Amino acid sequence: MTSLLKSSHISQRVDELLARMTLDQKIGQMTQPERMACTPQDVKDYHLGSVLSGGGSCPGDNLPADWVEMNDAYWAASMEADDDHLAIPLIYGVDAIHGNSNVRGATVFPHNMGLGAANDPELLKRIAQATAREILATGVDWTFAPTLAVAQDYHWGRCYESYSKNSDLVSAYAAPFVAGLQDNLGDDAVVGCVKHWVGDGGTTNGIDQGETTLSEEQLRAVHIAPYHPAIEQGVLTIMASFNSWNGDKCHGHKYLLTDVLKDEMGFDGYIISDWDGIDYLSEDYFTAVGLGVNAGIDMFMVSEDWRNFIAHVRTHVEAGTIAISRIDDAVRRILSVKVAFGLFDKPRPSERKWSNHASYGGVEHRAIAREAVRKSLVLLKNEDQTLPLQNDARILVAGKSAHNRGHQCGGFTVAWQGVRDNESIEGGTSVWEGIQAVAPNASLSADGLGLDASAEQHDVAVVVIGETPYAEGMGDVRSGNDVIVQAGSQIKGLLKVLEPYGDSLELARSHPEDLAVINNIRRAGVPVVAIMVSGRPLVINQELAESAAFIAAWLPGSEGQGVADVLFGEYDFQGRLSFPWPAAEQPGDADAIENGPLFPFGFGLSYKA
Ligand code: BGC
C-alpha cells in the first residue's frame, strides 16, 4: 500500500497540482485548525488542507445531520476554484477512538484496553468497519485512531487507549484495525491515523506527555514494533507524540520522524502533529515552527494559533531556514493521501453513500459492540461458583456505576473528559438495564449504596464500582509533585502539567465509597459479585477479598447488555488479561508489575475449565 502512494497515477496527479500551487496554497495544505477557530471562508482564504474537532467539539445539536451540514460547508469552501484558489478537497479529522464517540447516539465500543483482553483480531476488524461507517455517517473522512501505545505504567491516564502492555498483542491488532478503517480505500473507507509516534506508553512514572528513557533497541522492540504492521497494511497517516525520548521531544525529532519512520520504515503517508504539539519545542513559537517542519512533520494540528503558524512558515521559507523542498515533500504526501483516498472524486459529504445513514447507532453495530463487551470481560475470582447467576434469582444491583452509561463509556465520549450520566449516552444499556432485561426479580438498590440489602430478600448482589471518566493527563495518577519536577528536569522543552485524577492506584484510597458499598451488602449476609469499570488495572486487594466473584469490565462502552450475557451464563468468559494485574502500588517501577503480579498476563477464569 505504501507503494500505492508512489504509484504513477497518483504522483502524476500530485505533480500537476504541485506545479500550479503558490507557496501560500502549499502552507495552507499543511495547516489544520480546530473548527471553533476557523470558518469555511477561512478554509478558502487560507487554502486550509484540513480542519479537526477536538474532543467534545461539535456543531449544532451534535447529531449526524449537523456534522454533515458543517462538512458540506467546509468542503464547498475548499472546492471553490478561482484565480486565487485551487479546488483541493478538505479532509476533516476526529477522535473516533472507540466508535464515533464524540457524536450523539453513536455506538460506543469498549476502549482499547478491553479489546486487548478480548484477544480477537477478527473482531477488531469488524469494529473498525462499523466505526468507519459511523464516521462516514457524519460526513467525516479521517479518524485519529488506532492508538498503538504500549502502556507500561498504570499511573498513565491514557492506559485505556492501549490494547496491551505486551507489544506483540498491540502489533497483532494494528493491521486488522487499519484494514477495517481503510477498507481497500473504497466507499466504505475512512483514513486511519496510528498514534502517538513514539514511546507514548513508556514515560517515567506514566506521566502523560512525559519522558521515555530507553535504549534505541528497547524503543524499537517495544514501542516502534506495532507500527511495522500498520505501515505494511497501508495506514495513510501517523500522529507525532507529545512525549520525549531520552530528553528530546518527538515533535522535533528528525531522526525518529524522518530517518526512522519515513526513510527506514518506508512510511509514504503524512505525519500530523498532535494538538499544538510543536508549542512545547521552544518558548519561541517561530523557532518551534521551524523545528517541527524541519524534523519532518507534514501537517500541523494548530488549534487556534494557525494564522501565526502560517506566517512563520512563510518567513522561514523566505529566510531559507525551511527549504522549499521540505514544503514540497510535506504537501506531496498530503495530496497523495487525498488522491489515494479518492477524495478528489467524491461528491460533497451530504451526497456520499453513508451520510446520515440509518446504520448509524443501529442494531447491527450495537451487536458488534455487545459482542466486544462480553469477550473483553475478565473473570478474576469466582468463589463457590457464585457465577453464573440464575435468571430468576433475587439480585440486588448497587454501586455508583450500576446504572450509569457515562461511567461505562469513559473519556473521549461526547465530551473530551467523558460524561457522568445516562442521558448523554443515547441508545445502549447500562449494566443494570442489561440485567433487568433478563432477570425479572432483580432490583436496583434505592440509594445505590446497598444499605437496603437483606439476606431474606436478596440471593446475591451485583455491585458495579471503579473509576469515573477521564482523558489524557487528567487521568494521570501521581503520588506527588516531585515526579513532575523530576520529569520536567529530564526534558529539553516544555512540560504541560494537568491536574491529575488522583494520587493512588489503590481503589480503596481513590474510591473508598466502593468498598463501603461492598461491605454494606456483605454485612447483611448477601454475597457480592463485583464488576469494576476502570481505565486500568487497580490495586483491589480489599474489594477482592470481600467479594465472592470479581469481574474486570474495563470501559465497556454503550452496550452494558454484554455484561448480562456473561453474568447469566449465556456466554462463557473468554477475556484474558492483556495487562498483568498489580498486587500493590509500586510507583515509578513499571517492571514491578511484572515481578509478582496478583494475576499474570493472560489470566482469566471461565465457567468451563
Ligand atoms: C490528543 C490526541 C488527539 C488530539 C485531537 C490530543 O490532545 O493527544 O490523541 O488526537 O488531541 O483531539
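The values are calculated or read from the model by the stated rules, or taken from the named source; none is laboratory data. Model, not experiment: these values are computed from the prediction. No Cβ is skipped: glycine too gets one built from the backbone with ideal geometry, and neighbour counts run over all protein chains shown.
Taking (1) more than 25 Å from GLY290 (Cβ to Cβ); (2) within 16 Å of the ligand (Cβ to nearest atom); (3) not small (Gly, Ala, Ser) in turn, GLN41 satisfies each apart from (2).
Among all residue pairs at least 6 apart or on different chains, which show Cβ distances below 9 Å where the first residue, located in the range 83-99, is assigned by TED's automatic domain parsing to the domain that holds GLY557 and the second is within 12 Å of the ligand (Cβ to nearest atom) and not in a loop (DSSP other than H, G, I, E, B)? Cβ pairs passing all conditions: none.
Residue count for the range 435-469, restricted to those that are surrounded by 24 or more Cβ atoms within 10 Å (Cβ to Cβ) and in a helix (DSSP H, G or I): 1. Between GLU513, GLU499, which is of a type in the set (D, E, K, R), out of contact with any helix residue (DSSP H, G or I) (no Cβ under 7 Å at 6 or more places or on another chain), outside the structural domain of SER282 (by TED's automatic domain parsing) and surrounded by fewer than 17 Cβ atoms within 10 Å (Cβ to Cβ)? That would be GLU513, the only listed residue that is of a type in the set (D, E, K, R), out of contact with any helix residue (DSSP H, G or I) (no Cβ under 7 Å at 6 or more places or on another chain), outside the structural domain of SER282 (by TED's automatic domain parsing) and surrounded by fewer than 17 Cβ atoms within 10 Å (Cβ to Cβ).
Restrict the check to the range 520-536 and report whether at least one residue is part of a helix (DSSP H, G or I), away from the ligand (no atom under 16 Å from the Cβ) and at pLDDT below 95. For the range 520-536, residues part of a helix (DSSP H, G or I), away from the ligand (no atom under 16 Å from the Cβ) and at pLDDT below 95: absent. Would you confirm, using the coordinates I've provided, whether GLY157 is within 16 Å of the ligand (Cβ to nearest atom) and out of contact with any His (no Cβ under 6 Å at 6 or more places or on another chain)? Yes. Residues in the range 183-202 that are touching a Phe, Trp or Tyr at 6+ places or on another chain (Cβ under 9 Å) and more than 13 Å from the ligand (Cβ to nearest atom): LEU185, ASP187, ASP188, ALA189, VAL190, VAL191, VAL198, GLY199, GLY202. Within the set ALA311, ALA288, the sole residue that is away from the ligand (no atom under 15 Å from the Cβ) and closer than 27 Å to GLY473 by Cβ turns out to be ALA288. Taken across the range 545-557, residues that are outside the structural domain of GLY99 (by TED's automatic domain parsing) and part of a helix (DSSP H, G or I) do occur, with at least one present. When PRO229 is tested against (1) touching a helix residue (DSSP H, G or I) at 6+ places or on another chain (Cβ under 8 Å); (2) within 15 Å of the ligand (Cβ to nearest atom), exactly one condition is not met: (2). Of all residues in the range 295-321, those that are more than 15 Å from TYR285 (Cβ to Cβ) have Cβ atoms under 9 Å from Cβ atoms of residues that are surrounded by fewer than 21 Cβ atoms within 10 Å (Cβ to Cβ) and among the hydroxyl-bearing types (Ser, Thr, Tyr), 6 or more apart or on another chain, in ALA295/TYR255; ALA295/THR258; GLY296/THR258.
When LEU90, LEU86, LEU115 are screened for being farther than 21 Å from ASP61 by Cα and either surrounded by fewer than 24 Cβ atoms within 10 Å (Cβ to Cβ) or within 16 Å of the ligand (Cβ to nearest atom) (or both), only LEU86 passes.
In the range 234-246, the count of residues that are of a type outside the set (A, V, I, L, M, F, W, C), within 22 Å of the chain's Cα centre (by Cα) and away from the ligand (no atom under 16 Å from the Cβ) is one or more. Tell me, yes or no, whether the range 123-132 has at least one residue that is within 23 Å of PRO64 (Cα to Cα), within 16 Å of the ligand (Cβ to nearest atom) and assigned by TED's automatic domain parsing to the domain that holds VAL235. Checked against the condition, which is being within 23 Å of PRO64 (Cα to Cα), within 16 Å of the ligand (Cβ to nearest atom) and assigned by TED's automatic domain parsing to the domain that holds VAL235, the range 123-132 yields at least one hit.
Please identify the pairs in which a residue from the range 473-493 that is on the phi > 0 side of the Ramachandran plot has its Cβ atom under 9 Å from the Cβ atom of a residue that is buried (at least 17 other Cβ atoms within 10 Å of the Cβ) and among the polar types (S, T, N, Q), counting only partners at least 6 apart or on another chain. The qualifying pairs are GLY493/SER244; GLY493/SER282. Look at GLY60 and say whether it is without any contact (Cβ under 8 Å) to a residue 12 or more places away in the chain and on the phi > 0 side of the Ramachandran plot. Considered against the rule, which asks whether it is without any contact (Cβ under 8 Å) to a residue 12 or more places away in the chain and on the phi > 0 side of the Ramachandran plot, GLY60 comes out as yes. Restricting attention to the range 96-112, the residues being within 15 Å of the ligand (Cβ to nearest atom) and surrounded by fewer than 24 Cβ atoms within 10 Å (Cβ to Cβ) number 0.
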